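Everything below concerns the one structure shown next.
The values are calculated or read from the model by the stated rules, or taken from the named source; none is laboratory data. Here the structure is a predicted model, which means the values were calculated and not measured. Positions of Cβ are backbone-derived with ideal geometry, glycine not excepted, and every protein chain shown enters the neighbour counts.
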Amino acid sequence: MQDNSGNISLIKKLLRKPSAVVALAIIGVTCFIAVFAYLFAPDDTANANRMVVELGAREPGFSKQLLNIPNSASAEQDQSWTDIFSGRASVATAIPINNHWFEADQLWVAHYIDEGIEDTMFFALSQLAPNNITGIEQQQSYIKDNLLEDATYYLGTDRYGRDILSRLLIGARVSLAVGLIAVLLSITIGIFLGSLSGYYGGVIDNMVMWLINILWAIPTLLLVFAITLTIGKGFWQIFIAIGLTMWVSAARLIRGQVMALKEMEYITAAKALGLKDARIIYRHILPNIAGPVMVVAASNFATAILIEAGLSFLGIGVQPPMPSWGLMIKEHYNFLLTNRPLLAIVPGIAIMLLVYAFNILGNALRDVLDVRG
């Protein structure tokens, strides 16, 4: 009951801080969007990677009718519940059109190429409709209901004609995932080495501090580069590389906290009772340094998001076509000097808001828990 009351008290104190409430709201909304991104994304194909090259770099609010031509007459259109979390497979090629009309057993379209430029294309109805639909009227009705789409790009399109809003929503997964995995990895290593160093001291402390000082002398990006070159580039590799570089600050903080707590009377009493060192550390020391650990975890979460964005911008982070906010900036930073600066500004704002939220949450936790560094 004491632990539950302590947690409730912590939540109440956080909710009294307007800045913490805003930060929690931003983080909560981002997490919800990240989990159910494909339900909200206008382009629910895997990685929101539907390219319509004719619609590249369009302004926010741009609308165009699309004709989705099946890749085969028997292409599977059924969706499963897993599509909610992973997106559906793309089974059609989208063609932007200005107009369409039917002539006998053919569909004619005015193919949109650019403003003021179009050409005429036609397709046999049997090419577009499934094999089990044979009547002309039924085929026309099927095409109108299933293959013609009025698409609106609320944040515009990128240089490849992909929907920016969809890629922004799905890209939230990468930022939150890298933060979560990097924090879990760094905090785990930091707790293990920091506890050993602070509790036992002596040779173990000297060895851990030597390793910490060596790693602290290497710039974070260079260290991540080295680890990435060793284990390779990819989705999980970049998360592991970031986590392996961020445990240093956690270990140093935990070492100091453990060194202070091991001199307390209740730890001396536990030793006198013959309790094992592992139990003393796990049951009596670590629960009492949860506050500082939570603060450093929030700080590391924000740092991991920034590092991942920087690595993706440099091309060694998450690889295309997977959407990443840093990768979106890399692909469109040259548009900052054109009339389409939002292509790079929008993902930059998303990174800024999420990092701001975690930094504010870390500051609020520090104030509430009265952590003195």
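Per this entry, Leu223 is not counted among residues that are at pLDDT 90 or above, closer than 21 Å to Thr303 by Cα and in the same structural domain as Leu314 (by TED's automatic domain parsing). Name the single residue that is nearest to Tyr160 (Cα to Cα) among those in the stretch 122-136 being within 40 Å of the chain's Cα centre (by Cα) and surrounded by fewer than 18 Cβ atoms within 10 Å (Cβ to Cβ). Applying the filter and picking the extreme gives Gln127.
Yes/no matrix, rows are residues, columns are (1) under 30 Å from Ala304 (Cβ atoms); (2) outside the structural domain of Trp325 (by TED's automatic domain parsing); (3) touching a helix residue (DSSP H, G or I) at 6+ places or on another chain (Cβ under 7 Å); (4) part of a helix (DSSP H, G or I):
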residue: Val109; (1), (2), (3), (4): no, yes, no, no
residue: Ile113; (1), (2), (3), (4): no, yes, yes, no
residue: Thr120; (1), (2), (3), (4): no, yes, no, no
residue: Phe123; (1), (2), (3), (4): no, yes, no, no
residue: Ile143; (1), (2), (3), (4): no, yes, yes, yes
residue: Asn146; (1), (2), (3), (4): no, yes, no, yes
residue: Leu169; (1), (2), (3), (4): yes, no, yes, yes
residue: Gly179; (1), (2), (3), (4): yes, no, yes, yes
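So, Leu229, is that one assigned to a helix (DSSP H, G or I), under 26 Å from the mean Cα position of the chain (by Cα) and without any contact (Cβ under 8 Å) to a residue 24 or more places away in the chain or not? Yes, satisfied. Exactly one residue among Ile351, Ile316, Ile345, Ile329 is surrounded by 15 or more Cβ atoms within 10 Å (Cβ to Cβ), of a type outside the set (S, T, N, Q) and outside any helix (DSSP H, G or I), and that residue is Ile316. The single residue among Ala269, Ala260, Ala278, Ala309 that is within 28 Å of the chain's Cα centre (by Cα) and either at negative phi or hydroxyl-bearing (Ser, Thr, Tyr) (or both) turns out to be Ala309.
Among the candidates Thr268, Thr245, single out the residue that is crowded, with 23+ Cβ neighbours inside 10 Å, β-branched (Val, Ile, Thr) and either over 21 Å from Gly201 (Cβ atoms) or assigned by TED's automatic domain parsing to the domain that holds Leu221 (or both). I'd like the intermediate steps shown before the answer.
Values: Thr268 fails: crowded, with 23+ Cβ neighbours inside 10 Å.
Going through Thr268, Thr245 in turn, just one is crowded, with 23+ Cβ neighbours inside 10 Å, β-branched (Val, Ile, Thr) and either over 21 Å from Gly201 (Cβ atoms) or assigned by TED's automatic domain parsing to the domain that holds Leu221 (or both): Thr245.
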